[in-house]
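Okay, so here's the structure we're looking at.
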Amino acid sequence: DLPPAAPAEAPPAEEVPAVEEAGPVKGQDVTSMSRRERIRLLEREEALLTQVDAQFAQQEAAAAAVPPAPAETENQDSAQLALDAANALHEHLQGITGDSGDHGSDDRAAARRERIAQLERGVAGERFVEDETESTEKSDAHWLDARRQQRKTRLRQKARGEVVSPEVEINTLLPEDAVEGLANDSQHEAACKCLARQAHRLSTERLLRAVELLLLGGCSDEEGRALTSAAAEAILGSLATAMGSLSLEQLMNCLKLMALTGQQEQTTLDMLLAQLLVLSRRDSSSFSCGVLSDFCSALGLLHDAGLSAKRGASSSNCTANRRCLEMVMQLITRQVSEFKDHELAGLGASFVLNYTDDVLRRLVIRQAATLQAGLASEGPTRDGMLQLEEAVRTHSFAFIASLPDESKDYLLKLKMIRQEAA
């Protein structure tokens with residue numbers, strides 16, 4: 001019989017390094033640990049982190065209960081202690097975060113590093129950097145608070161009967177209200193701004209009403225004239241599609257508004273002259289002496305501003321403008337004997353010099369000499385005739401010499417009045 005076999009010796013148990021109570025764990029020690037020991041080490045890590053956070057919270061609570069000067073020192077001391085503890089914990093667990101294979105440990109490590117960075121800034125006396133969303137919310141809240149304060153200030157001023165400051169006064173008008181606001185001096189500026197932006201929303205009737213109100217009101221300062229000019233430009237541009245349906249009076253108001261505000265849009269002038277030409281062919285009797293005087297005065301003012309009826313936006317417009325001017329000259333020649341002194345003065349020196357020929361110019365001066373226009377009393381008529389006399393005399397001395405004696409004597413009297421006034 002064979003002797004019994006000796007029992008097999010069990011393999012020596014693998015020695016597991018004990019987890020030290022304090023001090024960092026080496027990378028090679030973590031590698032030799034079992035899964036259970038690693039779990040115990042992570043639990044210990046969480047307990048230490050919780051203990052550090054609780055200690056830091058207690059230090060903050062204690063610092064809030066003491067006077068401000070000592071609190072600042074104790075806050076810095078507690079922050080330094082927490083920073084030392086966090087650094088020790090970070091060094092102790094540095095070898096674990098890369099080898100544990102747990103994704104949650106990566107998030108915790110990133111949170112710890114951010115916490116340590118915040119503590120370092122706190123020890124250095126810096127403020128923690130706020131999140132971008134929080135800073136945006138705070139800025140929005142600050143803006144809303146400022147608006148509320150403005151409203152409260154305005155309401156208090158109105159309750160006490162004080163004048164509301166222009167910084168918080170609301171000047172927004174609707175287009176319909178802005179038309180009637182042109183007649184109110186306090187709303188004229190806001191109305192002009194509104195119409196300059198939203199005149200296209202108005203109906204033709206409201207646009208024509210705005211033209212009438214702009215002709216009645218006037219601004220003395222440069223800013224007011226600029227606002228009126230912008231509103232007039234928008235209104236006239238919005239009326240372009242309705243030019244064919246306007247009456248003679250409405251067309252003349254538009255032409256006067258162009259001259260009053262010094263518009264520079266050649267296309268608008270071309271449309272007005274074309275429509276006036278159509279109305280003259282339809283009924284020339286509607287062009288009275290007063291209408292012709294206003295028409296000539298407006299053309300003269302526009303010519304001085306740089307917008308001439310002798311030009312046009314296209315060749316066809318130039319032809320239509322020339323025919324309109326020829327029509328006006330024929331009507332003035334036909335009715336010159338019916339002109340009164342204020343209507344002769346209303347023709348304007350600019351129109352007489354730039355648009356009329358020598359024949360019509362002589363007829364105008366002879367009619368003025370017959371009426372002795374401007375010699376009787378002071379007023380707009382005398383001012384207009386004095387300007388005409390000076391312009392004619394400056395323009396051509398040969399023309400003065402070719403006038404009849406009655407016209408020469410009349411112009412000489414006007415010259416003497418002008419020299420005495422100077």
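Please report the relative contact order for the stretch 309-421, taking Cα pairs under 8 Å with a sequence separation of at least 6, and give it as a percent rounded to a whole number. It would help to have the intermediate numbers written out before the result.
Numbers: 87 pairs, mean separation 27.1, N = 113.
After rounding, I find 24 percent.
Solvent-accessible area per residue for the stretch 316-358 at a 1.4 Å probe radius, Å²? Kindly include the intermediate steps, with their values, before the conclusion.
Values: 1980 Å² over 43 residues.
It amounts to 46 Å² per residue over the stretch 316-358.
Which of rounded, prolate or oblate describes the stretch 367-409 when judged by the alpha-carbon gyration tensor and an a/c cut-off of 1.5?
Working: a/c = 3.38, a/b = 1.46, b/c = 2.31.
Oblate shape, in that a/c is at least 1.5 and b/c is the bigger or equal ratio.
Evaluate the relative contact order of the stretch 197-313 (contact order divided by residue number), counting alpha-carbon pairs under 8 angstrom at least 6 apart; express in whole percent.
28
If you roll a 1.4 angstrom probe over the protein chains with everything in place, what fraction of the accessible area of the stretch 207-341 belongs to carbon and sulfur, to the nearest %? Before the final figure, lay out each step's value.
Details: 2950 of 6100 Å².
It is 48 percent, rounded to a whole number.
Dipole magnitude of the stretch 320-363 about its Cα centre, charges +1 at Lys/Arg Cβ and -1 at Asp/Glu Cβ only, in debye to the nearest 20? Before the final figure, lay out the partial values.
Values: 6 positive and 6 negative charges, 26 e Å.
Roughly 120 debye for the stretch 320-363.
Would you calculate the separation in nanometres between label points at residue 152 and residue 291, each defined as 7 Å from the Cα along the Cα-to-beta-carbon direction?
That separation, rounded to one decimal, is 6.4 nm.
The values are calculated or read from the model by the stated rules, or taken from the named source; none is laboratory data. Note that the structure is a prediction, hence the values are computed from the model and not measured. Heads up, the Cβs are rebuilt from the backbone with ideal geometry, glycines too, and the neighbour counts pull from every protein chain shown. Remember, those area values only see protein heavy atoms, side chains included, never the ligands or the DNA or RNA. Shrake-Rupley method; radii C 1.70, N 1.55, O 1.52, S 1.80 Å.
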